[in-house]
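Right, one structure below, let's go through it.
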Amino acid sequence: MPAQLAGPLQRAWLDLPEPLCQRLGVASTGWRHLGLAGAECLRLARAAEAERARLLALAADMLLWSFGENPLSGPLAAELLSATDLPLPDAAREALDSVAGRWRAPQGAEGGLAYYERLAQKRDTQRLADFLAAQVAKDPGGLFWRDKALGLALYTGAGELSQRLEGVALSGLEELPGLAPVARVLAAQAAFLRGETGACLGLLTAELPLLQDAFGPAFAAARAGLALLRAGEDAAALPLLRDCLAAAPWQAGLARVAADAHTGLRRRLTPPPGPALIMLYTWNKADDLDATLASLFASNLGTKGGGRAQVLVLNNGSTDDTGQVLSAWRERVGAHLSRLDLPVNIGAPAARNWLAATPQARAAESLIYLDDDVTLPPDWLHRLGAALEAHPDAGVVGCTVVDHQAPHLLQNTAGHLALPADAQPDRPDLDFQSLTPNPFRLADAHLQGPDWGLFDFVSRCDSVTGCCHLFRRQALDAPSAQGGGFSLALGPSQYDDFERDLRMLTSGRVAVCQGHLRVRHRKRSGLAAQEGASGANALGNRYKMQTMHPRDEIAGFIAAQAQRLGEATAQAFALLDRTGESV
């Protein structure tokens, strides 16, 4: 739709420069991601005399939002201050000055950084907490160690240790000059993560003008609206979110969150087409498997037509108590659980293909792969069914996966292809001298801070994680070149689900992520998942996957992705325009 025919919200989105729309359509959160978007906007402003004032204000808003997501980062604050042409309110400049000046990295052997890094490598969280408390007590006006304490508090999840670290990070922070808005947004975040909606809202709204000056006109109010949504108060949240979008029309993710809430997709539950088969493969994780099956059989497994999803587990050559666990569950649930026992571990892609080729799977219409170390909410299957109903042409439907210990940390959500910022345009199609011969990846904005709900929408995307994903039978029966089957070249594990999704894209089908479903995953993400043999295997499989898909193919996928995301965002804004004050 031409911008002049659109409503005010959609028109403001369509008036943004195309490079910004492409970046923000992927995500409108993640402090690094927003920092790059703000830097791009700043570059465009400096090159466009007629639009300079508007684009400078837009850049300032995105960069202050980035600061709001990581407000103890001295390097980030210093970077923002270095852009002297940014129109920053006094409260923002004062906070940035204070953070940049107070974030002092220790120097030399006596600074404690080497000791901290040794403890961090060992993941000795108790001794880390003791050390950080001592360092902050020595220098209560500094922010470097407070920043480390806050990061560790987020990593450790709920519990006494996390609360102690949170106290170390935040105690007395509001008394430091210029840092009252920083202390307030971090206290609101802590309340939000504890589920204390009232306290969170009070902190965000009591000094709203101050927070608007420090972090942009919509940052604090948007977080208040997201907190209301998380608490189930959609009717109260939606008018607030619409006002935020009028003030920050670049917030693509917020628009899509609000649109799903308005249409009811946020709460919708739909049984998947039956017959349905839930398939797991497992190797030497008896305790994890037992817990996974407990949450699985406690959930609603109903399907369309009144049947119940069946469960099939492939025991992939386990030598621990996995066999006994499966026998106990078979006695408990009877014919709802079937098992296959293999004498050796054949790896993940072969196990997936074996499961899909069984008579039970051949007779099923909906096939769901599930990891053996997850905790499922009771409505998980019907959440997947609702996303499939909204997008019946999906090649696969997945969901958001979160850290089991710290569920405010996302591991995976809608996967969108990206190229590294330093990728050289004249690079060979496949550079076999590099560990990344064709350096595409999935965007990582979701890993850059705690989850406030800005990925809570159903989205078409390029890939979803194999931790929990649903297929229609025909998708797995497709020719290999169009996404049928999982590549045995990527055994024993890692990247086989991603690579299958890439082959699916060639057929014109895309993945769909059910952002309203969170599955808790016991395997920790990031560095915890990339050590020793497993890390080496992941690097090796990434290398192989990148050689399987040429550069021009990936470029085509990224171009199609940009168009798809731009259209979806424009549609969300259009819906909010149509609803007007009723939103």
query: Per the 1.4 Å probe, what fraction of the accessible area of the chain, in percent, lies on carbon and sulfur atoms?
result: 54
task: Starting from the Cα of Lys285, draw a straight line to each of the aspartates and glutamates and keep only those under 13 Å, dropping any in the same chain fewer than 8 residues away.
output: Asp320, Asp321, Asp371, Asp372, Asp373
message: Quick check on the range 181-279: what does the Kirkwood estimate of hydrodynamic radius come out to from the alpha carbon pairs, in Å?
response: 14.6
Translational diffusion of the range 445-551, µm² s⁻¹ [Kirkwood Rh, Cα pairs; Stokes-Einstein; 37 °C; 0.692 mPa s]: 213
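Tell me, rounded to the nearest percent, the portion of alpha carbon pairs in the range 225-366 spaced more than 18 Å apart.
On the way: 6615 of 10011 pairs.
Cα-Cα pairs in the range 225-366 separated by more than 18 Å: 66 percent.
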query: Restricting attention to the alpha-carbon atoms of the range 333-454, what are Rg (one decimal) and Dmax (integer), both in Å?
result: 19.1, 60
message: Please compute, for the alpha-carbon atoms of the range 1-96, the extent along each of the three principal axes and give them in descending order in Å.
response: 43, 28, 21
- prompt: With N residues in the range 80-223, what two-decimal value do you get for its Cα radius of gyration over 2.2 N^0.38 Å?
  reply: 1.11
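Nothing charged except the Cβ atoms of Lys and Arg (+1) and of Asp and Glu (-1): what's the magnitude of the dipole of the chain about its Cα centre? Round to the nearest 20 debye. Don't jump to the answer; show the numbers that get you there.
On the way: 54 positive and 63 negative charges, 211 e Å.
My answer is approximately 1020 debye.
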field: Principal axis dimensions, the chain - Cα atoms, whole angstrom, descending
entry: 68, 62, 53
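For the ranges 338-344, 228-234, 326-332, 240-246, what's the packing order if you count other beta-carbon atoms within 10 Å of each residue, average per peptide, and put the highest first?
On the way: 338-344: 13.4, 228-234: 17.4, 326-332: 15.1, 240-246: 21.4.
Going from most to least packed, we get 240-246, 228-234, 326-332, 338-344.
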query: Could you give me the ³J(HN,Hα) list for the range 314-330, computed from phi with Karplus coefficients 6.51, -1.76, 1.60 and θ = phi - 60°, whole Hz, x at Gly and Pro?
result: 9, 7, 8, x, 5, 10, 9, 8, 4, x, 5, 4, 5, 5, 5, 6, 4
field: Anisotropy class of the range 124-171 from Cα gyration tensor, a/c 1.5 cut
entry: prolate
Over the chain: helical MRE at 222 nm, DSSP H runs n ≥ 4 each giving -39500 (n - 2.57), nearest 500: -16000 deg cm²/dmol
Å² of accessible area per residue within the chain, as computed with a 1.4 Å probe and no ligands counted: 40
query: Got a number for the accessible area of Tyr115? Probe 1.4 Å, square angstrom, nearest 10.
result: 80
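How would you rank 254-267, 174-187, highest first, on the average number of other Cβ atoms within 10 Å across their residues?
Ranked by mean Cβ neighbours within 10 Å, highest first: 254-267, 174-187.
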message: Contact order normalised by length for the chain, with contacts defined as Cα pairs under 8 Å and 6 or more residues apart; what percent is it?
response: 16
message: Under 10 °C and 1.306 mPa s, how fast does the range 44-126 diffuse according to Stokes-Einstein, given a Kirkwood radius computed over C-alpha pairs? Answer in µm²/s, whole number.
response: 106
task: Can you tell me the order of 79-87, 392-400 when each peptide is scored by its average per-residue count of other Cβ atoms within 10 angstrom, highest first?
output: 392-400, 79-87
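The values are calculated or read from the model by the stated rules, or taken from the named source; none is laboratory data. Everything quoted here is computed from the prediction, not taken from an experiment. Ideal geometry is used to build each Cβ from the backbone, glycine not excepted, and the neighbour counts take in all protein chains shown. What goes into the accessible areas is simple: the full protein's heavy atoms, side chains included, and nothing from ligands, DNA or RNA. Shrake-Rupley method; radii C 1.70, N 1.55, O 1.52, S 1.80 Å.
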